[in-house]
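Heads up, the thing below is written out as structure tokens.
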Amino acid sequence: MIRYQVKKAVLKILFIIYFLNSFNLLYAQASEYKLKAVFLERFTRFIEWPDNSDFSDSTKPFIITVIGENPFGKTLDELYEKTKIKNKKVQIKYIKDIKKIDSCHILFISASMSNSLDKILDYTRTRPILTIGDHPDFALRGVIINFFIKNKKVRFEINEKSLEQSRLYISYLLLNAATIIHEEEGGGK
Amino acid sequence: MKFIRNLSIRNKLIIIILAIVLSSISILFLTFIFNDIQFFKNEMVSVSRMTAKIVGIDCVPALTFNDVKGGTGILKKLKEIPTVDYACVYDNEHNIFASFGNAPDTNVFYKFKDSYKAKFDERNLYVLEPIEYNGHKYGDIYLRLSTRKLDERTSNHIFIMSLIAVVIVLVAYFLALWLQKLISKPILLLANVTENISGNADYSQRVQKISEDEIGELYDSFNNMLEQIQLRQKERDIAEKALYESEARYRNYINSAPHGVFITNERCEYIEVNDAACIMTGYSKEELLKESLKTVTAPSDLNEVLISFGELKTKGNTVIEAGFITKNGQLRYWEITATRLSSDRFLGFTVDITKRREADEALKKSEKTLSKAQKIARIGSWELNLRTNQIKLSDEMYNIFDFDPDTAFTEENIKQKIYSDDLDYVSKTIDKIRSGVLIPIIEFRIKKTNQDIRYISVIAESVLNENGEMETVTGTAQDITQRKLSEEQIKNQNILLEKAVIKKTHEMEKMMEKLIRQEKLATIGKVSGSIAHEIRNPLGAVKQAVFFLQGKLKNKSEKIKTHLNIIDEELTITDRVITNLLEMTRLEEANKEKINIAELINQAVDRCDLGNKITLKLNIMKNAEFMWADPLQMQQVFVNLIINSSQAMEKKGIIEFKTIKNNHFVKITVTDTGHGMSNIAIKKAFEPLFTTKAKGTGLGLSICKQIIDNHGGEIKISSSVKKGTTISIILPDGAN
């Protein structure tokens, strides 16, 4: 009986420890994506979109599309409800299907899209869409900006070739701040 | 300054040149250095700000993505710039984001007070710049730079410039030393010559001219001056010689002069006398030089002589006639003409005039006698020299012409006295005498100072010279006012008498006229009185008979009717004549009462039967509506006047009555537009039995005049032929 009780108590403690741990993890993940959500806007400060895509029309929204599983939760919606990007209202789209990418300015490619990344990039490569990845090898595979964590800090890398192809203009200041990926070094396309 | 003033010209010039060079260089170098420091500082500020901006922008991504390591890395690059001691990047909340260098500064934002202006202190330059990119502000960057390099650079410049200044001053000193000779040398030369001349008084020396500048001109002027001095000296020598000779000559003249010549001092003591003076006084020269002018003057004239001497002292010259006593006690008269030589030397010329004086005395005596005689006779005498225009007068002339003895007896002054109406006549007469025509007697008036008018008679007589020309005019003048006034009085009385006689004659003529009229009226009265009674009754019978016949013969021939009418009319006229005659002769005393004039005129008009051809106008003034008169008699007057007027107008016409009040009289005028009257008719209009009308009695106006006379009034006629006649009646206003 006592054993059972001890067992039960130990289990209880273990459960609590697990619960606490998982909570901690969840919390850490939440602050990371909050930072990434903020970074999306910060990137735009150093990037110019070509003018032919109705960019100068301020009534048209700035579109951020998240493809794959949404790691931001409600953060993006909350953050960009009031914040403007390039003096435009921000519209957030969540999609799973590649066909629904349509026209957008930023395409956040969730880690869950690792398998269909090439197809996505085939679609975006010739369009003025800033692709942002969230998976360690996405930069090498052709995503323009890719987040990574170093020394517990969110950092980002830039694929120079993809950038050149995208027709987007990126300030040298951003390049100075980022880790630059040359595709020859990696095994990507 | 005093020290410089006493230096030689050479040293003065050098000092002046060096002072100018030094001050110019100092100003120039100070300006340069100041400019340099400013320039270096500005340059350092702009470079530092630029550096801060560039580094700041480099830090933008680090700040954007919170990359402290990246930011620090960028700041570390500043170690390449040795002057940067400390650098720091702040975020927008002023928290330090990244820094570089030692000795960090605190309170940076407090120091700059939010203004981005570079600040210097003794050792450092502080720069704070905002970090901005694409319109976003990401934070601030702060730099502290050492000014060590700046100070080193400035000291270097000052050192080099001082070296240059020393070289320039040295060069300027040697140049000045060499060039000052251009000015100092000729002046020193001139000074040497001047010294020579003043030492030897030798004015024949000259300076050699070496240049054409101001100093050259100075040399010319100096030489010129020397020449002038030389010339003057020569002239002075000649003049001195001439003076000496002239003095000797003058002494000789004075001594041999026929008149007494002497010189006295201011106390009248003789200092110098000539021979003639000695002879005149009887003293020897030695004796006379011990005397004075006072001691030789006759005591009675001493005072006069002293006054004259006083005048000589103040005015500078004088003339006096006085008595003097000679050594042997004889009284002689001298005329002394004296002049002032200096403040204590007086020169006198003496002439003995004793003989002339005695003759003058005698003449004066005889003139006095004549003057007395003239005064008694009130006659003045005069003599005019036509050639010299000189006039001589006796004392009485002054009395006659009311001149005080000090006034000059000139033609101008005489003319001022002459009464303005006579001035022209007198001037012309004087001109005639001047031209040689003698006017033996002229009379004119003068006005005395007390405004009295006096009559003057002047008699003139010519005196011919040896050529038979009129040279002087002499004559007498006499006040004839008394005589003239008597004549005037008689003349005025004659005029008064004449006027009185004319007046009396006129009055008598009027009286005669009145008498004749009264006589006429009396005769008419007498005749008419007896005739009226005898004729009126038979006339009445005839008239009744005519009336009866007119009734009876109403339907008979027109001719009979006409004749009966003629008889009737003639009877009426005859009756009126008789009535008039009676009225005129039996005119009673006027019973005056207040009458409304307009009413009376209307009554008179009613009596006259004027018919349609006459328009009557009444123009009665408001204050002249009434008059005081006998109503019956006045009605008669108006009737007569209206009948006269209506008969004077053959066709249509206007009779206008007007009344005006004037002081104590009422004036009534009756104006018609008839044929008017001739002047003769006007004169005789009021005479009884005078008429111009075929059927008139000649009594109407005569009766009117009688009535108006009875009322104490006046009646007048004014008329012009073919225009009309106005009769004016003026009556006294009131019961009396």
Helices (runs of 4 or more DSSP H) (entirely within the range B:47-149) containing at least 1 residues that are within 12 Å of another protein chain (Cβ to nearest Cβ) and crowded, with 16+ Cβ neighbours inside 10 Å: B:60-64, B:68-76
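Matching residues to (1) at pLDDT 90 or above; (2) under 16 Å from B:Leu731 (Cβ atoms):
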position: B:Ala648; (1), (2): no, no
position: B:Ile655; (1), (2): yes, no
position: B:Lys661; (1), (2): no, yes
position: B:Ser678; (1), (2): no, no
position: B:Lys683; (1), (2): no, no
position: B:Thr697; (1), (2): no, no
position: B:Ile707; (1), (2): no, yes
position: B:Asn710; (1), (2): no, yes
So B:Gly611 clears everything in (1) part of a helix (DSSP H, G or I); (2) exposed (fewer than 14 other Cβ atoms within 10 Å of the Cβ); (3) among the small types (Gly, Ala, Ser) except one condition, right? Which one? (1)
Looking at (1) under 17 Å from the mean Cα position of the chain (by Cα); (2) crowded, with 21+ Cβ neighbours inside 10 Å; (3) within 14 Å of another protein chain (Cβ to nearest Cβ), which is the only condition A:Gly133 fails? (3)
For the subset of the range A:136-176 comprising residues that are of a type in the set (S, T, N, Q) and farther than 23 Å from B:Gly71 by Cβ, which member is nearest to the chain's Cα centre (by Cα)? A:Asn159
Would the range B:543-560 turn up any residue that is touching a Phe, Trp or Tyr at 6+ places or on another chain (Cβ under 9 Å) and either free of Cβ contacts under 8 Å to residues at least 24 places away in the same chain or within 30 Å of B:Leu521 (Cα to Cα) (or both)? no
What are the residue pairs meeting all of these: first residue in the range B:399-410, first residue within 16 Å of B:Ile379 (Cβ to Cβ) and of a type in the set (S, T, N, Q), second residue modelled with pLDDT of 75 or more and surrounded by 15 or more Cβ atoms within 10 Å (Cβ to Cβ), Cβ atoms under 9 Å, and 6 or more apart or on different chains? B:Asn399/B:Gly380; B:Asn399/B:Asp479
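Need a quick list: strands (runs of 3 or more DSSP E) entirely within the range B:616-722 having at least 3 residues that are closer than 18 Å to B:Ile601 by Cα.
Answer list for the range B:616-722: B:626-629, B:653-662, B:665-672.
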Scanning the range A:64-110 for residues that are of a type in the set (D, E, K, R) and over 15 Å from the mean Cα position of the chain (by Cα) gives A:Glu78, A:Glu81, A:Lys82, A:Lys84, A:Lys86, A:Lys88, A:Lys89, A:Asp97, A:Lys99, A:Lys100, A:Asp102
I need every pair where a residue in the range A:148-175 that is within 13 Å of chain B (Cβ to nearest Cβ) has its Cβ under 6 Å from the Cβ of a residue that is of a type in the set (Ser, Thr, Tyr) and assigned to a strand (DSSP E or B), sequence separation at least 6 or different chains. A:Glu157/A:Thr179
Please enumerate the residues belonging to the range B:252-300 that are surrounded by 14 or more Cβ atoms within 10 Å (Cβ to Cβ), of a type in the set (Ser, Thr, Tyr) and either more than 60 Å from the chain's Cα centre (by Cα) or assigned to a loop (DSSP other than H, G, I, E, B) (or both). B:Tyr270, B:Thr281, B:Tyr283, B:Ser292
Number of positions in the range B:204-219 that are surrounded by 12 or more Cβ atoms within 10 Å (Cβ to Cβ) and assigned to a helix (DSSP H, G or I): 5
Determine which member of the set B:Ile560, B:Ile601 is part of a helix (DSSP H, G or I), over 26 Å from B:Leu689 (Cα atoms) and not hydroxyl-bearing (Ser, Thr, Tyr). B:Ile560
Taking the stated definitions as given, is B:Val670 at pLDDT 90 or above and either hydroxyl-bearing (Ser, Thr, Tyr) or within 60 Å of the chain's Cα centre (by Cα) (or both)? no
Which residue out of B:Ala624, B:Ala604, B:Ala598 is touching a Phe, Trp or Tyr at 6+ places or on another chain (Cβ under 7 Å) and among the small types (Gly, Ala, Ser)? B:Ala604
So B:Thr31, is it over 30 Å from B:Val108 (Cα atoms) and away from chain A (no Cβ under 14 Å): yes
Only residues that are within 16 Å of B:Phe100 (Cβ to Cβ) and hydroxyl-bearing (Ser, Thr, Tyr): list them for the range B:50-68, please. B:Thr51
Which one is nearest to B:Ile643 (Cα to Cα) among residues in the range B:717-728 that are under 59 Å from the mean Cα position of the chain (by Cα) and surrounded by 15 or more Cβ atoms within 10 Å (Cβ to Cβ)? B:Thr726
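The values are calculated or read from the model by the stated rules, or taken from the named source; none is laboratory data. Quick caveat: nothing in here was measured; it's all calculated off a predicted structure. Cβ sites come from the backbone with ideal geometry, for glycine too, and all protein chains shown count toward neighbours.
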